[in-house]
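The values are calculated or read from the model by the stated rules, or taken from the named source; none is laboratory data. Not measured: the values here are computed from a predicted model. For neighbour counting, all protein chains shown are included, and Cβ atoms are generated from backbone atoms with ideal geometry for every residue, glycine included. All accessible areas refer to the heavy atoms of the entire protein, side chains included, with ligands and DNA or RNA removed. Shrake-Rupley method; radii C 1.70, N 1.55, O 1.52, S 1.80 Å.
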Protein chains: 2
Amino acid sequence: MSTYRMLTEQEAVEYARNIPDLFPANAKLTSREIGDGNLNFVFHIQDEISNKSIIFKQALPYARVVGESWPLTLDRARIESEALILQGELCPGFVPQVYHYDIEMALTVMEDLSAYEIMRKGLVARKYYPNFAKHIGTFLARTLFLTSDLALHPYEKKKRVASFSNPELCKITEDLVFTDPYYDAATNSFNPLIREQAEALWHDDAVKLEVAKLKEGFLTRTQALLHGDLHTGSIMATEEGTKVIDPEFAYYGPMGFDIGAVIANLVLNYVAQEGHASDVQERESYQAYLLDTITGIWTTFEAEFRTLWAEKAVEPSAAIPGYVDDYVRRLLQDTLGYAGCKTIRRIVGLAHVWDIESIEDPAVRAHSEKLALAIGRELILKRESISSVEDIADLISDTHIALSV
Amino acid sequence: MSTYRMLTEQEAVEYARNIPDLFPANAKLTSREIGDGNLNFVFHIQDEISNKSIIFKQALPYARVVGESWPLTLDRARIESEALILQGELCPGFVPQVYHYDIEMALTVMEDLSAYEIMRKGLVARKYYPNFAKHIGTFLARTLFLTSDLALHPYEKKKRVASFSNPELCKITEDLVFTDPYYDAATNSFNPLIREQAEALWHDDAVKLEVAKLKEGFLTRTQALLHGDLHTGSIMATEEGTKVIDPEFAYYGPMGFDIGAVIANLVLNYVAQEGHASDVQERESYQAYLLDTITGIWTTFEAEFRTLWAEKAVEPSAAIPGYVDDYVRRLLQDTLGYAGCKTIRRIVGLAHVWDIESIEDPAVRAHSEKLALAIGRELILKRESISSVEDIADLISDTHIALSV
């Protein structure tokens, strides 16, 4: 056990050399800090002889956001390491392998994914990921079902709820996703051209009531171990493979929050394509691909979730006729509600997404942003009347059409 | 700090003498074990000179139920002590005062309530408790609201969720309330004259589905710190006063579970009166009193809960128009669902209640038991169509009339 200190590039090399069986004895190690330094150090450490490389991720004791520095718990590194290890057991190959972790140093040593690209960047460039829907749908079904009361003895599940208690990072979500976007909070930022829409949101009691209920779910439902921040910047992809990274927000919460996060980020890319693609046909095919992906994610998720339910449930009530259907129906509705919240917060809240921010012309960007707000609102308000996956794509394209006429 | 050992009467006296400021220096202490020895030792310790008396409650490392001995965590004594102290702070005067507690010895030293009677006994004897509805409604509103996310900073609330993690005692409820009564479980016991009704329950998919959803809520919703076992055997009462005891099942769960438990036990007494009172008029007045009490509990609870919401909420979404109404409506429905489960488990499950067991004639008892099952079923199935407190009493008396014709 060590005492926490921030590593330098050279210290990272020394630390790596002392981890048994990580590099050959004759390794010639180089180290490069490749993170953005806002929350973590990320060192890329490579053996110039074997070319083998690994990643060191070290949590910093603060978060630098919009120029300010907030103290932030180092315990998030433990949570991230333990979540990665668990997710790797439940869904092998879909998260970076963890070689070593050090609670005191807030350090995780893991697989280097340099061959992969952050998915958000690929989506902005209109890349196609033919396996993504199947992969992420499977990842969601396995990590959520297999950490829930459906699949665990209640002693084990309650132990995990306590172990993954993550108050500080949950508070960030509670504020930035569910609270601040819905009033004139100092943390909000948005395109001045959509001020009218932002103000309308702050006075939209129907949406605010539903968001309050969704926040209540986030605060009080220990349904499964969530990734907790599953946007397309937390997913690395190639045409073949998918890796989910950065589960430092992991905690026991409502399953729909994770599924909704993925869907919201595809919706955000969908609306951003309005401002990116100059060729209408190219834009429309890519948007159709995004809608197919959303449908495919849910379809895969539901099929895999039902298979797990049939084969792996230990909770006796899982066998009761109709329960799985009722459960999946409620889960779809939660998913849409959280997808709506996660869409809206990226337009009027503190943290925005590159998909939309990379649209240079503010007027063009405003068009995408208004569309995102309209889809987010529909997802939140109509979620309880939606009972099949086809309705999601319809809801998105109908809102799109309605806003275009 | 001590090492756990079961106290003898004499050791309890020695222990009491060493607690500062509890008894005068010249106290002449006597000790008497007054518990039933199934789960705990309860020593009544009295100073013969000043007549001052106190209670020692020591958890035993096992539970003796139906002749068997199950190992059971001593941590329940810590949970009980801490819950009593917290409830005493949130709602002064409604729980026994804790003078001292010793985690290692699984011991709570508390106020002697010999002047009070276990309420279940009083109800069987058709005693009237004019303050009870107001007292318990207030106790429920204060202890539930003030331990929820509505009233606590999320860090504090999450800390309490972890501190009141109570897997072993929750498992007892999970099995005995939500699972075993709904199939032919070895733990079940019931009057042979209601076998037909028990078997009908085991094949009642509509009820079983709703009970599965209520169990899901019990397993996954950390809404507030519950008492966790709030039947009328956990309430001591006089005509004037009310004291809630024995919160060893305390944990963070759905608020409706506690409110429902109180209502269920009044329903059980209501149906038991069918077999107790020989005078029809006396029976009907007492049953009317019980229905008034149920209505009064909810009315007091709701008024007090809304006052706390208006005055003490720290959660920002509490201010959103319509949220309190929506919250209270869902809470009433949860309450009725849990009341239904808690009614049924006392008829076909492992643990029965004296109200009904004290009816000697099995045929007379069967009449009460069938009525309890019918009311429990209605509460579970109709809960979502009930939106006002008057509907509860109507549902009970309508079911009563329907079963009597």
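Restricting attention to segment B:293-316, does a residue exist that is touching a Phe, Trp or Tyr at 6+ places or on another chain (Cβ under 9 Å), within 14 Å of another protein chain (Cβ to nearest Cβ) and open to solvent by less than 40 Å² (accessible area, probe 1.4 Å)? Taking every residue of segment B:293-316 in turn, at least one turns out to be touching a Phe, Trp or Tyr at 6+ places or on another chain (Cβ under 9 Å), within 14 Å of another protein chain (Cβ to nearest Cβ) and open to solvent by less than 40 Å² (accessible area, probe 1.4 Å).
Open to solvent by less than 10 Å² (accessible area, probe 1.4 Å) and of a type outside the set (Phe, Trp, Tyr): does that describe residue B:280? In short, no.
Listed by first and then second residue, the pairs with beta-carbon distance under 7 Å, at least 6 apart or on different chains, first residue in segment A:135-155 and within 12 Å of chain B (Cβ to nearest Cβ) and closer than 11 Å to residue A:308 by Cβ, second open to solvent by less than 20 Å² (accessible area, probe 1.4 Å) and among the polar types (S, T, N, Q), are A:148/A:223.
Output yes when any residue across segment B:373-387 is open to solvent by less than 60 Å² (accessible area, probe 1.4 Å) and farther than 24 Å from residue B:183 by Cβ, and no when none is. Yes, segment B:373-387 contains at least one residue that is open to solvent by less than 60 Å² (accessible area, probe 1.4 Å) and farther than 24 Å from residue B:183 by Cβ.
If you go through segment A:385-394 and pick out every residue that is closer than 15 Å to residue A:292 by Cβ, among the aliphatic types (A, V, I, L, M) and at pLDDT 90 or above, you end up with 2.
Summed over segment B:1-51, the residues that are touching an Asp or Glu at 6+ places or on another chain (Cβ under 8 Å), under 15 Å from residue B:105 (Cβ atoms) and among the aromatic types (Phe, Trp, Tyr) give a count of 3. For segment A:240-283, a residue qualifies if it is part of a loop (DSSP other than H, G, I, E, B) and among the β-branched types (Val, Ile, Thr), and exactly one does: A:245. Scanning segment A:363-372 for residues that are closer than 11 Å to residue A:276 by Cβ and either open to solvent by less than 10 Å² (accessible area, probe 1.4 Å) or modelled with pLDDT under 95 (or both) returns a single hit, A:368. In segment B:111-132 there is no residue matching the filter, namely being over 30 Å from residue B:274 (Cβ atoms), open to solvent by less than 30 Å² (accessible area, probe 1.4 Å) and β-branched (Val, Ile, Thr). Only residues that are more than 19 Å from residue B:214 (Cβ to Cβ) and either of a type in the set (S, T, N, Q) or in contact with a Pro (Cβ under 8 Å, 6 or more places away or on another chain) (or both) were counted across segment A:278-329, and they come to 9. For the condition closer than 20 Å to residue A:385 by Cα, more than 9 Å from chain B (Cβ to nearest Cβ) and crowded, with 23+ Cβ neighbours inside 10 Å, residue A:256 qualifies. Within segment B:158-189, the set of residues being of a type outside the set (Gly, Ala, Ser), away from chain A (no Cβ under 12 Å) and open to solvent by 40 Å² or more (accessible area, probe 1.4 Å) comprises B:184, B:187. Going by the structure shown, is residue B:94 in contact with a Phe, Trp or Tyr (Cβ under 9 Å, 6 or more places away or on another chain) and either open to solvent by less than 50 Å² (accessible area, probe 1.4 Å) or under 18 Å from residue B:227 (Cα atoms) (or both)? When the stated conditions are applied, residue B:94 passes them. The single residue among B:45, B:19, B:54, B:85 that is in contact with a His (Cβ under 6 Å, 6 or more places away or on another chain) and not assigned by TED's automatic domain parsing to the domain that holds residue B:169 turns out to be B:19. For segment A:122-159, the set of residues classified as part of a helix (DSSP H, G or I) and of a type in the set (S, T, N, Q) consists of A:138, A:143, listed by residue number. The residues in segment B:343-362 that are open to solvent by less than 10 Å² (accessible area, probe 1.4 Å) and not aliphatic (A, V, I, L, M) can be counted, and the count is 3.
Of the helices (runs of 4 or more DSSP H) contained entirely in segment A:341-405, those carrying at least 1 residues that are among the charged types (D, E, K, R), in contact with a helix residue (DSSP H, G or I) (Cβ under 8 Å, 6 or more places away or on another chain) and under 19 Å from residue A:297 (Cα atoms) fall at A:390-404.
If you filter segment B:224-245 down to residues that are open to solvent by 10 Å² or more (accessible area, probe 1.4 Å) and closer than 30 Å to residue A:150 by Cβ, you find that the one that is nearest to the other protein chains (Cβ to nearest Cβ) is B:229. Of the listed requirements (1) of a type in the set (Asp, Glu); (2) in contact (Cβ under 8 Å) with a residue 24 or more places away in the chain; (3) within 14 Å of chain A (Cβ to nearest Cβ), residue B:248 misses just one: (3). Summed over segment A:6-46, residues that are part of a strand (DSSP E or B) and either aliphatic (A, V, I, L, M) or open to solvent by less than 30 Å² (accessible area, probe 1.4 Å) (or both) total 7. Test residue B:69 against the stated conditions and say whether it is on the phi < 0 side of the Ramachandran plot, in a loop (DSSP other than H, G, I, E, B) and open to solvent by 50 Å² or more (accessible area, probe 1.4 Å). It is false that residue B:69 is on the phi < 0 side of the Ramachandran plot, in a loop (DSSP other than H, G, I, E, B) and open to solvent by 50 Å² or more (accessible area, probe 1.4 Å). For segment A:190-222, the tally of residues that are at the interface with chain B (Cβ under 10 Å from one of its Cβ atoms), part of a loop (DSSP other than H, G, I, E, B) and either closer than 12 Å to residue A:348 by Cα or free of Cβ contacts under 8 Å to residues at least 40 places away in the same chain (or both) stands at 0.
Considering only segment A:133-157, state which residues are open to solvent by 20 Å² or more (accessible area, probe 1.4 Å) and touching a strand residue (DSSP E or B) at 6+ places or on another chain (Cβ under 7 Å). Selection gives A:135 alone. Considered as a group, the residues in segment B:317-327 that are within 7 Å of chain A (Cβ to nearest Cβ) and outside any loop (DSSP other than H, G, I, E, B) include one that is surrounded by the fewest Cβ atoms within 10 Å (Cβ to Cβ), and that residue is B:326. Against the numbered list (1) over 23 Å from residue B:119 (Cα atoms); (2) within 24 Å of the chain's Cα centre (by Cα); (3) among the acidic types (Asp, Glu); (4) modelled with pLDDT under 95, residue B:82 comes up short only at (4).
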